[in-house]
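Presented below is the structure to which this report refers.
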Amino acid sequence: MVNEAVASLPPLQGCLYCHAEGATALAEGRKILGFGGNFPILKCSHCGSIAQLDTDAPASGGWRIRYRHVNRASQYYYVAIRLGKAGWLSAQEALAISTDGYAQRVRVHQTKEGDFLWLHPARLSPPPPFMNADEKVYMTLKAVTCRETPPRTLFWRPDRGPVLDSGKLYVTDQNLYLLGQRRDWSNDLEDICDVEYEDTSWTIFLETPGQLRHYHGANVTDQLDPQLVATVIESLQAKTETSSDFAIP
């Protein structure tokens, strides 16, 4: 039976992972083949996440949590990495990640719906020489590499292709611009043939006459996470294609 003090803890009021209210419940923890702890097991009936909950951890803010099984669907990308792989988290750490994860999921939804206002797109004044004066910058991404895209094999990875250049990538409502160390690179959004992301990086694949290449960037703490970068790129490209369909010939 869960006592009143434990029942009032945030993980029992709403799931820290998917934020569904009233979907979590405690079960008795048990060791399997002598392994594991006696901590109560917290389960969510909405997302299926399973965690150990230590309800007697004053040094951690009254409780701490460790996720043992998580849902890896795309809508839970952010929390799957930060809650699912973190080990024991204090109350403050878990709540902060949960809050950021909810905000990230809302941003992904907004972007897919064509709402980019949260990015505060703006025209640069004066614009760089390679950029049109009417273009709005939606993202500026640091430490981006431009690489040749070799034929894909079983062990192919986007961070291992021959490096053509590296620098800062500007994403506008019309183009991609890499301000490289060797030269400036420019691509229409229509040149993009695919966008991929994983836990640690994102990749934009380009198909241009005579060459296949891609932009590759790592997950940087002070920038958007890879899922959001990929979602913004895909949504801007879709917006551009829609505008072209309705353009007067």
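Table for the structure above
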| read-out | value |
| --- | --- |
| Principal-axis tilt of helix 91-112 within the chain, Cα atoms, nearest 10 degrees | 40 degrees |
| Contact order relative to length of the chain, as percent, for alpha carbon pairs under 8 angstrom and 6 or more apart | 11 percent |
| Descending Cα extents along the principal axes, the chain, whole Å | 69, 39, 32 |
| Simple Cβ-charge dipole of the chain, Lys/Arg +1 and Asp/Glu -1, about Cα centre, in debye nearest 20 | 900 debye |
| Debye, to nearest 20: dipole size of the stretch 4-112, +1 on Lys, Arg Cβ, -1 on Asp, Glu Cβ | 540 debye |
| Computed lengthening from Ala57 to Ser186, 0.36 nm per intervening residue step minus Cα-Cα distance | 41.0 nm |
| Aspartates and glutamates whose Cα lies under 17 Å from that of Lys239, excluding same-chain neighbours fewer than 8 positions away | Glu113, Asp115, Asp134, Glu135, Asp173, Asp188, Glu190, Asp191, Asp194 |
| The stretch 97-197: chymotrypsin sites (Phe, Trp or Tyr not before Pro) in DSSP coil with no more than 15 other Cβ atoms inside 10 Å | Phe130, Phe155, Trp156 |
| Angle in degrees between helix 226-245 and the longest Cα principal axis of the chain, rounded to the nearest 10 | 40 degrees |
| Partners for Lys85 among lysines (Cα-Cα distance below 28 Å; same-chain residues under 8 apart left out) | Lys31, Lys43, Lys112, Lys142 |
| Cα-Cα separations in the stretch 117-245 greater than 25 Å, expressed as whole percent | 20 percent |
| Theoretical gain in end-to-end length, Asn38 to Ala122 [0.36 nm per residue, Cα-Cα removed] | 24.8 nm |
| Nitroxide proxy distance, nm - points 7 Å out along Cα→Cβ at Ala96 and Ile50 | 3.0 nm |
| For Ala57, net neighbour charge (Lys/Arg +1, Asp/Glu -1) across residues whose Cβ lies under 13 Å away | -1 |
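Laboratory data are not the source of any read-out in this text; all were calculated from the coordinates shown. Since this is a predicted model, take the numbers as computed values, not measurements. Ideal geometry is used to build each Cβ from the backbone, glycine not excepted, and the neighbour counts take in all protein chains shown.
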